[in-house]
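Working notes, beginning with the structure itself.
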Amino acid sequence: MTERTLILVKPDGVKRGLTGQIIARIEAKGYTIAELKQVSATRELLAQHYAEHEGKPFYEPLVEFMLSGPVVAIVAEGHAVITGFRSLAGTTDPTTAAPGTIRGDLGRDWGLKVQQNLVHGSDSPESAAREIGIWFGN
Ligand code: DAT
Ligand code: MG
C-alpha cells in the first residue's frame with residue numbers, strides 16, 4: 001500500500017549543507033517527494049512533535065537543538081516508505097549507525113547532550129499521520 005511519512009532534515013543537516021544529498025538519497029531509493037518546505041520550528045510545534053519524549057533527560061536539549069536553525073520538512077510517498085526511510089536513515093546514534101545510511105555516512109557524535117543525527121522519520125503509520133498533520137496541517 002502506498003503510504004506517506006514525515007521526514008525532517010534537522011538543523012545540523014541544513015547548516016552543514018546536506019539537504020540536497022539527503023533528498024537525493026530519498027529520491028534514489030525511489031520515493032516521491034509529495035511536500036517540501038523549509039521552516040523555523042516553534043517550541044509549541046516541537047512540544048507536539050516530541051510529546052512522546054517529554055520528561056526524558058535529552059528532551060530539553062533536543063528541543064533547543066531543533067530551535068537552533070531552520071529545518072526542512074518533507075512528506076515522502078511510496079510503498080512501505082515509513083519503514084524504508086527509517087532503514088535509509090539508520091539507527092538513532094550516528095556513531096554506530098551502519099555505513100550506507102544517512103546517519104552512518106554523514107553523522108557523528110559531537111560530544112553534545114543530544115544526538116545530532118541529521119534526520120527524523122516517522123516510526124509508524126499512526127505517527128506519520130499525526131506528524132504530517134503537525135507540520136503540514138490536514
Ligand atoms: P529516532 O530519531 O531514531 O526515532 P527517538 O525517537 O528515540 O529516535 O529520539 C528522538 C531524538 O532524540 C533522536 O533522534 C536523538 C535524540 N535522542 C534520543 N535518544 C537519545 C539519547 N539517549 N541521548 C541523546 N539524545 C537522544
Ligand atoms: Mg523517533
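Any idea which of Arg103, Arg86, Arg108, Arg25 is among the charged types (D, E, K, R), touching a residue at least 12 places away in the same chain (Cβ under 8 Å), more than 16 Å from ligand 2 (Cβ to nearest atom) and part of a helix (DSSP H, G or I)? If you could, list the steps in order and put the result at the bottom.
Working: Arg103 fails: more than 16 Å from ligand 2 (Cβ to nearest atom); Arg86 fails: more than 16 Å from ligand 2 (Cβ to nearest atom); Arg108 fails: part of a helix (DSSP H, G or I).
Among Arg103, Arg86, Arg108, Arg25, only Arg25 is among the charged types (D, E, K, R), touching a residue at least 12 places away in the same chain (Cβ under 8 Å), more than 16 Å from ligand 2 (Cβ to nearest atom) and part of a helix (DSSP H, G or I).
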Item to complete: Please work out if Thr19 is more than 16 Å from ligand 2 (Cβ to nearest atom) and under 13 Å from the mean Cα position of the chain (by Cα).
Response: yes
Response to the item:
Of (1) modelled with pLDDT of 95 or more; (2) away from ligand 2 (no atom under 16 Å from the Cβ), Lys113 fails just (1)
Worksheet item: How many residues, within the range 55-83, are among the hydroxyl-bearing types (Ser, Thr, Tyr) and either away from ligand 2 (no atom under 14 Å from the Cβ) or within 24 Å of Val39 (Cβ to Cβ) (or both)?
Response: 2
Fill in: Residues within the range 38-83 that are in contact with a helix residue (DSSP H, G or I) (Cβ under 8 Å, 6 or more places away or on another chain), in contact (Cβ under 8 Å) with a residue 12 or more places away in the chain and part of a loop (DSSP other than H, G, I, E, B), tallied
6
Fill in: Conditions (1) in a helix (DSSP H, G or I); (2) surrounded by fewer than 19 Cβ atoms within 10 Å (Cβ to Cβ); (3) within 13 Å of ligand 2 (Cβ to nearest atom); number of the one not met by Ala128
(2)
Worksheet entry | Selected residue [among the small types (Gly, Ala, Ser), farther than 15 Å from Ser127 by Cβ, touching a Gly at 6+ places or on another chain (Cβ under 7 Å) and surrounded by 15 or more Cβ atoms within 10 Å (Cβ to Cβ)] from Gly90, Gly13, Gly30 | Gly90
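Can Gly100 be described as more than 25 Å from Arg43 (Cβ to Cβ) and out of contact with any Asp or Glu (no Cβ under 6 Å at 6 or more places or on another chain)? Show your work before the answer.
Details: more than 25 Å from Arg43 (Cβ to Cβ): yes; out of contact with any Asp or Glu (no Cβ under 6 Å at 6 or more places or on another chain): yes.
Against the criterion (more than 25 Å from Arg43 (Cβ to Cβ) and out of contact with any Asp or Glu (no Cβ under 6 Å at 6 or more places or on another chain)), Gly100 qualifies.
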Worksheet item: What is the number of the single condition among (1) at pLDDT 95 or above; (2) in contact with a Phe, Trp or Tyr (Cβ under 9 Å, 6 or more places away or on another chain); (3) surrounded by fewer than 21 Cβ atoms within 10 Å (Cβ to Cβ); (4) not hydrophobic (A, V, I, L, M, F, W, C) that Asp123 does not meet?
Response: (2)
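The values are calculated or read from the model by the stated rules, or taken from the named source; none is laboratory data. Keep in mind that what you see is a predicted model, and the values were worked out from it rather than measured. For neighbour counting, all protein chains shown are included, and Cβ atoms are generated from backbone atoms with ideal geometry for every residue, glycine included.
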